[in-house]
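The values are calculated or read from the model by the stated rules, or taken from the named source; none is laboratory data. Because the structure is predicted, anything quoted here is derived from the model rather than measured. Note that each Cβ is placed from the backbone with ideal geometry, even for glycine, and that neighbours are counted across all protein chains shown.
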Amino acid sequence: MTVLMHLSDLHFGAHDPQVCAAALRLAQRLDVSMAVVSGDLTQRATAAQFAQAARFVQGLHARNTLVLAGNHDVPLFAWWMRWGRAYQRYAHQFGWEQEPVRQAGVFYVVGVNTTRPWRHERGSLSSAQVEQVARLLARAPPGAWPIVASHHPLVGRDAQDRAHRPSRADEAVQRWQAAGAQMLLSGHVHEPAVLQPRPGLWVSRAGTAVSHRLRHGSPNSLVVLSVELSGNAAGMQARYAARWDYDSTAGEFCCVQRQRVETDNASQTLGMD
């Protein structure tokens, strides 16, 4: 089994140490091949908070890591840094590569930066970004699981939810699916969900993984994608997306939803809460 752990909205500086420890234990149990952290590593983009976030990400012991900046990772109170140095503190811990591409086994993940230094919360995509991601998706190896990761969600479930999407979200979803994308990873709204907005396209929206900034009645949550052997024939594999919520009574993350991810109209749900 090959495993990708998708976390978002860590918000170090407003984090819960017990939940952090539980997430690290889960990563160790699952033997994570790739960890994707889709933004908001910090609460207020301080150097100390970025250092805490970096230690946590390193503690996942994933063989590959893809990290993106979120809107909280751009300084708010140190407003003067937004001109030319907006990502300086982020880069000190995670590097200057703001739109990384990573591959681990069948997972082929393209990161895109939806944050903007001059915006406190809302995201944006440029036409150039949309086309660049499409070109990268077209280069995915045969048999890969093509995935796009962003901080802001590209798919919403209602009018209020859709307001969180970056500009050009509809254009991006259509273009990227045509280029081969089969899964979109995002965070920002602190509301976990595994959705299928279109046939062949899935969405993983991670909740807030380890912070106490809970919203919408949702607990701390993360998503695990896995590729597993299926059937008796050699080489047959199945893809799954599983939502793991933190159980404060058990002090551990527990799987509450497991969804088979199909690339056509069919789908299978196991253990829905």
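I need every pair where a residue in region 116-128 that is within 15 Å of residue 186 (Cα to Cα) has its Cβ under 9 Å from the Cβ of a residue that is at pLDDT below 90 and among the hydroxyl-bearing types (Ser, Thr, Tyr), sequence separation at least 6 or different chains.
Filtered contacts from region 116-128: 122/167; 123/167; 124/167; 125/167.
Taking residue 29, is it assigned to a loop (DSSP other than H, G, I, E, B) and over 19 Å from the mean Cα position of the chain (by Cα)? If you could, list the steps in order and put the result at the bottom.
Values: assigned to a loop (DSSP other than H, G, I, E, B): no; over 19 Å from the mean Cα position of the chain (by Cα): yes.
So residue 29 does not fit the description; no.
For region 155-186, which positions are part of a loop (DSSP other than H, G, I, E, B) and modelled with pLDDT of 95 or more?
Answer for region 155-186, where residues must be part of a loop (DSSP other than H, G, I, E, B) and modelled with pLDDT of 95 or more: 179, 180, 181, 182.
Which residues, taken from region 187-196, are in contact with a Gly (Cβ under 9 Å, 6 or more places away or on another chain) and either assigned to a strand (DSSP E or B) or of a type in the set (D, E, K, R) (or both)? Working first, answer last.
Initial filter on region 187-196 (in contact with a Gly (Cβ under 9 Å, 6 or more places away or on another chain)): 187-193.
191, 193, listed by residue number.
If you take the residues of region 247-273 that are of a type in the set (A, V, I, L, M, F, W, C) and modelled with pLDDT under 50, which of them is nearest to residue 184 (Cα to Cα)? It would help to see each step written out before you state the result.
Restricting attention to region 247-273, the residues satisfying the condition of being of a type in the set (A, V, I, L, M, F, W, C) are 250, 253-256, 261, 266, 270, 272.
Those still in the list that are modelled with pLDDT under 50 too: 266, 270, 272.
Numbers: 266: 18, 270: 21, 272: 20 Å.
The extreme case among them is 266.
In region 153-172, how many are without any contact (Cβ under 8 Å) to a residue 40 or more places away in the chain and either within 21 Å of residue 260 (Cα to Cα) or touching a helix residue (DSSP H, G or I) at 6+ places or on another chain (Cβ under 9 Å) (or both)?
Qualifying residue count, region 153-172: 3.
Among the residues of region 185-236, write down those that are of a type in the set (D, E, K, R), surrounded by fewer than 20 Cβ atoms within 10 Å (Cβ to Cβ) and within 22 Å of residue 33 (Cα to Cα).
228
Here are some residues: 177, 182. Which one is in contact with a strand residue (DSSP E or B) (Cβ under 7 Å, 6 or more places away or on another chain), buried (at least 17 other Cβ atoms within 10 Å of the Cβ) and farther than 22 Å from residue 35 by Cβ?
On the way: 182 fails: farther than 22 Å from residue 35 by Cβ.
From the options 177, 182, the qualifying one is 177.
If I filter region 216-228 for residues that are more than 16 Å from the chain's Cα centre (by Cα) and of a type in the set (Val, Ile, Thr), do I get at least one hit? Can you show your working first?
Restricting attention to region 216-228, the residues satisfying the condition of being more than 16 Å from the chain's Cα centre (by Cα) are 216-219, 227-228.
Filter again for of a type in the set (Val, Ile, Thr), leaving 227.
Within region 216-228 (the criterion being more than 16 Å from the chain's Cα centre (by Cα) and of a type in the set (Val, Ile, Thr)), the answer is yes, since at least one residue qualifies.
Restricting attention to region 21-55, and to residues there that are among the basic types (Lys, Arg) and within 30 Å of residue 86 (Cβ to Cβ), which single residue is surrounded by the fewest Cβ atoms within 10 Å (Cβ to Cβ)? Write out each step before concluding.
Taking region 21-55 as the starting set, the residues that turn out to be among the basic types (Lys, Arg) are 25, 29, 44, 55.
Applying the additional criterion that residues be within 30 Å of residue 86 (Cβ to Cβ) yields 44, 55.
On the way: 44: 16, 55: 12.
Among residues in region 21-55 that are among the basic types (Lys, Arg) and within 30 Å of residue 86 (Cβ to Cβ), the one surrounded by the fewest Cβ atoms within 10 Å (Cβ to Cβ) is 55.
If I ask for residues that are under 13 Å from the mean Cα position of the chain (by Cα) and touching a residue at least 60 places away in the same chain (Cβ under 8 Å), which ones from region 38-68 would you list?
38, 39, 40, 66, 68
Which numbered condition in (1) at pLDDT 95 or above; (2) in a loop (DSSP other than H, G, I, E, B); (3) among the basic types (Lys, Arg) is the only one that residue 44 fails?
Of everything listed in (1) at pLDDT 95 or above; (2) in a loop (DSSP other than H, G, I, E, B); (3) among the basic types (Lys, Arg), residue 44 misses just condition (1).
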